[in-house]
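Working notes, beginning with the structure itself.
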């Protein structure tokens, strides 16, 4: 199976069972997806977020106030 280089930053290739996987130029695995398009899009987002810093996620409390 042939690897394709995207954005001169990562490779994407088809794996077993029709899954698609990306890896960086050093061969470290990054993302696995159902389609090639999803894999490329997700890997681009992941690498951009890794470079710029991931946005802190907001947490929620599951407690309900008041009397029942």
Among (1) out of contact with any strand residue (DSSP E or B) (no Cβ under 6 Å at 6 or more places or on another chain); (2) modelled with pLDDT under 95 - the single one residue 1 does not satisfy
(1)
Just the residues that are closer than 16 Å to residue 2 by Cα and part of a loop (DSSP other than H, G, I, E, B), please, taken from the range 13-49.
15, 19, 25, 27, 35
What number of residues within the range 4-40 are in contact (Cβ under 8 Å) with a residue 24 or more places away in the chain and touching a strand residue (DSSP E or B) at 6+ places or on another chain (Cβ under 9 Å)?
7
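The values are calculated or read from the model by the stated rules, or taken from the named source; none is laboratory data. Here the structure is a predicted model, which means the values were calculated and not measured. All Cβ positions, even for glycine, are placed from backbone atoms using ideal geometry, and neighbour counts span all protein chains on display.
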